[in-house]
Amino acid sequence: MRLFFRHKWIGIFILFLAGLVLLINSPLYAHSNKKHSDTRKEEVIKAPVTTESDKTFREEGHVGHGEVKTEPDIETEVKHIEPDVGFYRSVSTDKKGFWYAAFFTGVVATIFFITIIRI
Amino acid sequence: MRKILKDFRERVGIGALYYEVPAHSNSIFYSLGGITLVSIIILFASGIILSQFYNPTPEQANRSVHYIAETLLLGWFVRGIHFWAVQVVTVSVILHMIRVFVTASYKKPREFNWTVGVLLLLVYFGLIFTGTVLKWDQEAVEALEHHLWIVDKLGAIGIWLGEGLTKSVSMLGRLYALHISLLPLILVFLMLLHFFLIKIHGLSSLPRQREGEGAKILFVEHLKRLGLYGMGVLLLILLLSLTIEPPLGSEAVAGIEVTKPPWMFLWLYSLENIWMPFLIIAPAIISLFLFLIPFINRGEERNPFKRKISMVILIISILIFIGLIFNGAITSTAHIME
């Protein structure tokens, strides 16, 4: 507790960490992660290549000819693409990498704290 | 060993760093520029790693970013570091500018350095924009469509940034070249100029002090403190990268508008929803206003409590920006590009 009040940076950092841990363990975050993953699996996006000019543009790698409409002009269901986010995915898809990253972060955190305490 | 160290210090001129600077340079508010510098170094380092795995062709760009984020060992982590460093730089740059404005550090003899700072801000926003396009998902393509709309409206001035210049290279390839070569070069040049001018004029004194008054510390002590702040910032970026992944969509569908820009462009998104030409007019007016500040406000008073008009303008501006960003976050697209 003394450490907490003596070194305000440590205090702020502990509060930040606590907040982060609460966030990534909260039902809201877990739900949002699951929702995003489910959406991603179901996501089917078809490019509306309908006209010759569109096709040419896509083939040439050019997009954005200055004509943007609020509605797609063919019957293609386009959902807003939400990314898969965060902690759970990192752990599940790159376990090895995740622990390397966590170790590296821990090393930086340790050096940071030691420096603060020495000051 | 001591002799080697002594000779080394003598040869590389480390002794030149032992000069005096104001003691308040170690406060967090006067270190925001240094924190920005550290974050930019992190951005450069992570960007160099990402560039080894990114393929800037329209066919492969999005896939290569997915490869980095999903398959490559630690790719998601490096990409996260790059993304979160951008967020940190954006916040620290804005806070740095607010600090300089509140303490009136832009006043004589530092007017030109303020101008260099504004140029740095513009180049930095150019880097964010080009970086947004590189991931080549729906958000990226829509950003490019906005860019091409602006270029089209600018006519002859914008021709070298538009598709009309060449068909031999895709716009993505050209924006990638801008993102990794020209814009970083300009950024580094302007940063060096910024530091050079700080060295020439010295760090500004506290608003209630006269120039040169107040306690002093050695510059190396300031560097040590910056190192500490920098490590804190690095730790924050690492923790965020570890826990929250940056957004990334699938390949884009051209000709529609279903996404929103990153938060730092949401104010502009709100304005373009009101009237499309704001996309050009608003940044131009804001940039011009920022450039002119030191030349409009030329009084010698630097105490913020005695510069009520300046402070009112600042607070109203901040509230307008927050309001526009909030509005952009809760509203959806309400315009058609013509």
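Where a number appears in this text, it was derived from the coordinates with a stated rule and is not lab data. All of these numbers come straight from a predicted model, not from anything done at the bench. Cβ sites come from the backbone with ideal geometry, for glycine too, and all protein chains shown count toward neighbours.
Here are some notes:
- Relative to the longest principal axis of the Cα atoms of chain B, helix B:278-296 runs at roughly 10 degrees.
- With a 10 Å cut-off around each Cβ of B:255-262, the average count of Cβ atoms from other chains is 5.
- Computed extension gain for B:Leu319 through B:Leu17, at 0.36 nm per residue and net of the alpha carbon distance, reaches 104.6 nm.
- Two-site label geometry, B:Ile98 and B:Lys3: point separation in nm, points 7 Å out along Cα→Cβ: 5.6
- At q = 0.12, 0.14, 0.18, 0.19 Å⁻¹, base-10 log of I(q)/I(0) for the stretch B:122-219 (Debye sum, equal scatterers on each alpha carbon): -0.57, -0.66, -0.86, -0.93
- Near B:Ile217, the amide H atoms lying under 5 Å from its own belong to B:Val21, B:Ala23; only residues 5 or more places off or on other chains count, and H is placed 1.01 Å from N.
- With the simple spin-label model, which puts each label point 7 Å out from Cα in the Cβ direction, the B:Glu70 to A:Thr93 separation comes to 0.6 nm.
- Compared with the dominant Cα axis of chain B, that is its longest principal axis, helix B:75-102 is turned about 50°.
- Restricting the stretch B:52-141 to GluC sites (Glu not before Pro) that sit in a DSSP loop and have at most 16 other Cβ atoms within 10 Å of their own Cβ leaves B:Glu59.
- A Cα-only calculation for the stretch B:211-320 places Rg and Dmax at 21.4, 61 Å.
- For the stretch B:186-256, the spread of Cα positions along the three principal axes, ordered from largest to smallest, is 60, 30, 24 Å.
- Debye intensity ratio I(q)/I(0), log10, chain B, q values 0.07 Å⁻¹ (C-alpha model): -0.34
- Too-long pairs where the Cα-Cα distance tops 27 Å, listed order kept, from B:Lys107/B:Lys308; B:Lys108/B:Lys306; B:Lys199/B:Lys224; B:Lys3/B:Lys224; B:Lys216/B:Lys308; B:Lys107/B:Lys260: B:Lys216/B:Lys308; B:Lys107/B:Lys260
- Here the spin labels are modelled as points 7 Å beyond Cα on the Cα-Cβ line, and at B:Arg210 and B:Phe29 they lie 2.3 nm apart.
- Residue ranges B:14-21, B:286-293 sort as B:286-293, B:14-21 when ordered by packing (mean number of other C-beta atoms within 10 Å per residue, highest first).
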